[in-house]
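The values are calculated or read from the model by the stated rules, or taken from the named source; none is laboratory data. Small disclaimer: the values here were computed from a predicted structure and weren't measured. Because the Cβ atoms are built from the backbone with ideal geometry, glycine has one as well, and the counts that use them run over all protein chains shown.
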Amino acid sequence: METKNKTPFFVSSLIFLLCCLARFCYGTDIIRQGKTMKDGDKLVSSDGVFELGFFSPENSRFRYVGIWYKVDMEAVVWVANRDKPMVNTNGVLRIGIDGNLVVLDGNRNLVWSSGVPGILSNTSSARLQKNGNLELLNNDTSEVIWDSFHHPTDTFLPGMKLPVSLSMGEVRFFGSWRSAIDPSYGNYSAGIIPNGGPQIVIWDQSGRRRWRSGQWNEVIFTGVSNMSNTASFLYGFKLSETDENGTRYFMYKPSNSSALSRFHIGYDGTERLLRWDGKNWTVLLSQPGNKCDLYNHCGNYATCDNFVSSSTCNCLEGFRPKFEDQWSKGNWSGGCERRTELECQRGKPDGFKRMKCMKLPDFSNIPVKSRDDCRQSCLGNCSCTAYAYVYGIGCMIWVGDLVDVQHIDQSGPIQFFYRLNHSDLDDKKKISNGVIVIISLVGACFLVAFLWLLWRYKKKLKVSSMVCCKDKDAVVFIEFSTEFSADFSGPSDILIDGNQVNRPELPIFNFSIVAAATNNFCEENKLGQGGFGAVYKGELPGGQEIAVKRLSRQSGQGLEEFKNEIILLAKLQHRNLVRLLGCCIQGEEKMLIYEYMPNKSLNNFLFAKQAVLDWRTRVGIIEGIARGLLYLHRDSRLRIIHRDLKASNILLDAEMNPKISDFGMARIFGGNQNEANTVRVVGT
C-alpha cells in the first residue's frame with residue numbers, strides 16, 4: 001500500500017520536472033517555425049561561446065533581445081530592439097507568420113522584425129552560429145535570408161565581413177549605445193570609407209569626423225600608433241580580393257583564434273579592441289587615445305606631437321600660424337598658412353619637404369602612377385600640395401589643404417612629401433666663410449664615423465654574448481624598425497654582405513624578439529635543416545606561432561636564397577603560397593620569419609606509413625598546388641618559375657591547405673618571356 005502511494009508521487013514529480021525543463025528547451029541553437037522563445041529562455045551557440053535571449057542593462061527596467069558572450073552577460077554584442085524596449089518580461093521571440101524573425105511584447109504587438117519581404121511562410125528558421133551571427137535560414141535551400149552580421153549594433157566580431165566599395169561612399173556600420181544602460185542609437189557611429197584608401201572613421205552625431213585610422217596599406221592602418229607592435233592587431237585584418245560586383249570586404253581574424261576578442265565603439269566615442277583574459281576584458285587598443293588622435297586637432301597644415309608631456313601643435317616647416325593671437329593661447333583650431341606662396345611654374349620650380357613617422361593627411365586621391373611618376377605628377381599639378389608612395393596603396397596625391405596631420409609612433413617605410421616654395425626649403429642662415437664650413441664638415445664626419453664604429457662594436461659584442469634564456473617573462477613585444485640595423489643603406493635598398501638589393505616592404509623583427517620566441521634557438525624547437533641553415537618553431541608574445549629560417553654563416557647558397565626570398569615573397573600574396581611575416585637582419589644574423597604550418601610538409605604524408613590521406617584531401621591538395629603554380633606562372637605581377645618544387649616544399653596548414661614554400665631557387669621571368677637559360681645547377 002505504501003509503494004502504491006509513492007508511485008503516483010514519483011510520476012507527478014517527474015512530470016513537473018519535465019515541464020520545468022521544457023521552459024529551457026532553448027539550450028539549443030535554433031528556433032523553428034511554431035516554437036516560441038519566452039523571456040528567460042536562451043539560445044546557445046553550438047560551441048557554447050554566445051547566448052541569445054532577453055536582458056536588461058544594469059539599473060534598467062527595460063527588456064531587450066540581444067546576443068552576448070556566455071562568460072560575461074554584460075558583454076552584449078548585438079541588440080534587436082535597441083530603439084524600442086519592452087517594459088515587462090512578457091515578450092517573446094519567434095518566427096512570424098510571414099517567415100520573419102520577430103519580437104512581440106506582452107500584448108503580442110510587433111516590437112521588432114528582421115523585415116525581409118517575400119518569405120514563404122513555414123519555410124524559415126533561425127540559428128545562432130558559433131561566431132555569434134544570428135541567421136534566418138530557408139529550410140528548403142539552407143540559404144541565409146537575413147543575418148545579424150549585416151545589421152550590427154556597436155560591435156565588430158571576428159568573422160564579420162564589412163563591404164568596401166567606391167559606389168557605396170561613406171557607410172556607417174556601427175552605432176554606439178546612448179549610455180551604459182541605454183542601447184538606443186547614441187552620439188557616435190563608425191564605419192569604413194573607401195575613398196583615397198580604405199580607413200576606419202568615427203563620426204559624432206552631427207556627422208563631423210572624430211577620429212580616423214589612416215589608410216590601409218594591406219598590412220596595417222597607417223595612422224594608428226604602435227599598430228605594428230600590437231601582435232593581436234597585426235596579421236588580424238584582411239582585405240579580400242574584389243568580387244564580381246567591384247566590392248572588397250574587410251575581415252578580422254585574431255592571431256590567437258582561441259581567445260575571445262571584439263572591437264567595440266563605446267558611448268563615449270572611443271573604439272576599443274578587447275580580449276578576454278579568463279576573468280576580465282583587457283583593452284589592447286583604444287582610439288582616440290589622446291588629444292592628438294582627435295580629428296584635425298591642430299587645424300590644417302599643422303602637426304600634433306604627443307611625444308612630449310602634453311599634446312603640442314606645430315606648423316609644418318614653411319608655414320606659420322594663421323591666427324597668431326589664438327595660437328599663443330593654445331587655441332590651434334585655426335591651423336597654419338604658407339609663409340611663401342607656391343611658384344607653380346612661374347619662376348624657380350617648387351620643391352618637396354620629406355617627413356617620416358607621420359599619419360598621412362585625409363582626403364587623398366590615388367591615381368594609377370608608378371613610384372617615379374608620382375612626384376612628377378604632383379609637381380606638374382598646381383593644385384597638388386603633397387604626395388606619397390605607400391606600399392600596398394600606391395601613389396597618393398593630395399589636392400588642397402592638408403587635413404589631420406599627426407606625428408605618430410609608427411615604424412615603417414612610409415615617407416610623406418609636401419610642397420613648398422623653393423625659398424622655404426632651406427630657411428637656415430648660410431655661413432659664408434668656406435673654411436669654417438669645411439672644418440665643421442670634416443670634424444662632423446670624423447665624429448660620426450667614430451660613433452658608428454663604436455656602435456657597431458657594441459652591437460656585435462651584445463649579439464655574441466647572448467646565452468640561452470628560458471625565462472618566458474623576458475619576452476616583451478615585437479619591435480619593428482625602418483632601418484636594418486647597420487645593414488640599412490637608404491630608403492629604397494639594403495646591403496647584405498656588401499651586395500645591394502631592393503629593400504623589402506615587410507616588418508623587421510629585432511633579433512632579441514626572435515631569439516626569445518624560439519627559446520634562443522634551442523634544439524627542442526628545431527624543425528629541420530637545409531642548405532641555407534636551420535628552421536625553428538617559435539611563438540610571438542601575442543600567441544601566434546611562427547617558423548624561423550636562420551641562415552647559416554657558412555652557407556653561400558643560403559645567402560643567395562635569403563636575398564631571393566626577401567625580394568620575391570615580399571611582393572607575392574596568395575592563399576597557396578607560404579606567407580612571409582618579416583625578416584631579421586642584425587649583424588651577422590639573417591633570418592626569415594614565416595607563418596607556422598602545423599601539419600608540416602606533404603613529404604611526411606606521402607612517405608610516412610602511419611599517415612594516410614583520404615581522396616578528398618588529396619584532391620584539395622592537388623588543386624591548391626595547381627592554383628599556387630597558376631598564380632606564379634600567369635596571374636602574379638611577376639612571372640616566376642619555382643625551380644625546386646617537391647613534396648618537402650609543399651607545407652600544410654591546420655586545415656590541410658597546401659602552401660608552396662622555399663623560393664630561394666626561384667627565377668623571375670620577363671612579362672613576355674616563356675623560357676630562359678641558366679648557368680647554375682639548381683633544384684632537386
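Listed residues 322, 348; which is of a type outside the set (Asp, Glu) and surrounded by fewer than 16 Cβ atoms within 10 Å (Cβ to Cβ)?
Numbers: 322 fails: surrounded by fewer than 16 Cβ atoms within 10 Å (Cβ to Cβ).
Result of the check over 322, 348: 348.
I need the full set of residues from the range 138-149 which are assigned to a loop (DSSP other than H, G, I, E, B) and among the polar types (S, T, N, Q), in order please. It would help to see each step written out before you state the result.
Here is the first cut: in the range 138-149, the ones assigned to a loop (DSSP other than H, G, I, E, B) are 139-143.
Of everything in the range 138-149, those that are assigned to a loop (DSSP other than H, G, I, E, B) and among the polar types (S, T, N, Q) turn out to be 139, 141, 142.
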Starting from the range 200-226, take each residue that is within 18 Å of residue 263 (Cβ to Cβ) and list its partners that are among the polar types (S, T, N, Q) and part of a strand (DSSP E or B), counting only C-beta distances under 6 angstrom and pairs at least six apart or across chains.
203/189; 211/287; 212/199; 213/199; 214/199
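Are any residues in the range 301-319 part of a loop (DSSP other than H, G, I, E, B) and surrounded by 14 or more Cβ atoms within 10 Å (Cβ to Cβ), and if so, which ones? Spell out the reasoning first.
We begin by selecting, within the range 301-319, every residue part of a loop (DSSP other than H, G, I, E, B); these are 301, 306-311, 316-318.
Scanning the range 301-319 gives 301, 306, 311, 316, 317, 318.
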Which ones in the range 267-284 are outside any strand (DSSP E or B) and either farther than 20 Å from residue 225 by Cα or among the acidic types (Asp, Glu) (or both)?
267, 268, 277, 278, 279, 280
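Check every one of the strands (runs of 3 or more DSSP E) wholly within the range 156-216 and list those with 3 or more residues that are crowded, with 20+ Cβ neighbours inside 10 Å.
On the way: elements: 162-164, 171-179, 182-193, 199-203, 209-212.
Of the strands (runs of 3 or more DSSP E) lying wholly inside the range 156-216, those with at least 3 residues that are crowded, with 20+ Cβ neighbours inside 10 Å span 171-179, 182-193, 199-203, 209-212.
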Can you tell me which of (1) crowded, with 19+ Cβ neighbours inside 10 Å; (2) aliphatic (A, V, I, L, M); (3) closer than 19 Å to residue 43 by Cα is the one residue 111 doesn't meet?
(3)
In the range 333-345, the residues that are of a type in the set (D, E, K, R), at pLDDT 90 or above and either out of contact with any Leu (no Cβ under 9 Å at 6 or more places or on another chain) or surrounded by fewer than 17 Cβ atoms within 10 Å (Cβ to Cβ) (or both)
337, 339, 341
Here the residues within the range 363-380 that are modelled with pLDDT of 90 or more and within 15 Å of residue 342 (Cα to Cα) are 378
Filter pass, residue 67 being in a strand (DSSP E or B) and among the β-branched types (Val, Ile, Thr)
yes
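Conditions tested, residue by residue: (1) of a type in the set (A, V, I, L, M, F, W, C); (2) under 38 Å from the mean Cα position of the chain (by Cα); (3) modelled with pLDDT of 95 or more.
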| position | (1), (2), (3) |
| --- | --- |
| 9 | yes, no, no |
| 25 | yes, no, no |
| 28 | no, yes, no |
| 52 | yes, yes, yes |
| 60 | no, yes, no |
| 63 | no, yes, yes |
| 68 | yes, yes, yes |
| 92 | yes, no, yes |
Scan 245, 195, 217 and give me the residue that is on the phi < 0 side of the Ramachandran plot, more than 21 Å from the chain's Cα centre (by Cα) and at pLDDT below 95.
245
Can you tell which of 143, 135 is under 23 Å from residue 42 (Cβ atoms) and not β-branched (Val, Ile, Thr)?
135
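Here's the yes/no breakdown for (1) modelled with pLDDT under 90; (2) over 19 Å from residue 570 (Cα atoms):
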site	(1), (2)
605	yes, yes
626	no, yes
633	yes, no
636	yes, no
639	yes, no
645	yes, yes
678	yes, yes
684	yes, yes
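State all residues of the range 594-644 that are in a strand (DSSP E or B) and either free of Cβ contacts under 8 Å to residues at least 24 places away in the same chain or within 27 Å of residue 507 (Cβ to Cβ) (or both); if no residue qualifies, say none. I'd like the intermediate steps shown before the answer.
Residues of the range 594-644 that are in a strand (DSSP E or B), as a first pass: 594-595, 601, 639-641.
594, 595, 601, 639, 640, listed by residue number.
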Quick one: in the range 314-346, which of the residues that are under 25 Å from residue 408 (Cα atoms) and among the acidic types (Asp, Glu) is nearest to the chain's Cα centre (by Cα)?
317
Evaluate the range 293-300: report whether one residue or more is modelled with pLDDT of 85 or more, within 16 Å of the chain's Cα centre (by Cα) and surrounded by 17 or more Cβ atoms within 10 Å (Cβ to Cβ).
no
Filtered residues of the range 93-109 (kept if among the aliphatic types (A, V, I, L, M) and touching a Gly at 6+ places or on another chain (Cβ under 8 Å)):
95, 102, 103, 104
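Conditions (1) modelled with pLDDT of 95 or more; (2) part of a strand (DSSP E or B); (3) surrounded by fewer than 18 Cβ atoms within 10 Å (Cβ to Cβ); (4) among the polar types (S, T, N, Q), marked per residue:
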| position | (1), (2), (3), (4) |
| --- | --- |
| 103 | yes, yes, no, no |
| 107 | no, no, yes, yes |
| 118 | no, no, yes, no |
| 122 | no, no, yes, yes |
| 136 | yes, yes, no, no |
Testing residue 348 on (1) modelled with pLDDT under 90; (2) in contact with a strand residue (DSSP E or B) (Cβ under 8 Å, 6 or more places away or on another chain), one condition comes back false. Which one is that?
(2)
Kindly evaluate residue 13 against the criterion of being at pLDDT below 95, exposed (fewer than 14 other Cβ atoms within 10 Å of the Cβ) and not in a loop (DSSP other than H, G, I, E, B).
yes
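Take the range 384-394 and flag every residue that is touching a Gly at 6+ places or on another chain (Cβ under 7 Å) and without any contact (Cβ under 8 Å) to a residue 40 or more places away in the chain. Give the derivation first.
Just the residues of the range 384-394 that are touching a Gly at 6+ places or on another chain (Cβ under 7 Å), to begin with: 385, 393.
385 - this is the single residue of the range 384-394 that is touching a Gly at 6+ places or on another chain (Cβ under 7 Å) and without any contact (Cβ under 8 Å) to a residue 40 or more places away in the chain.
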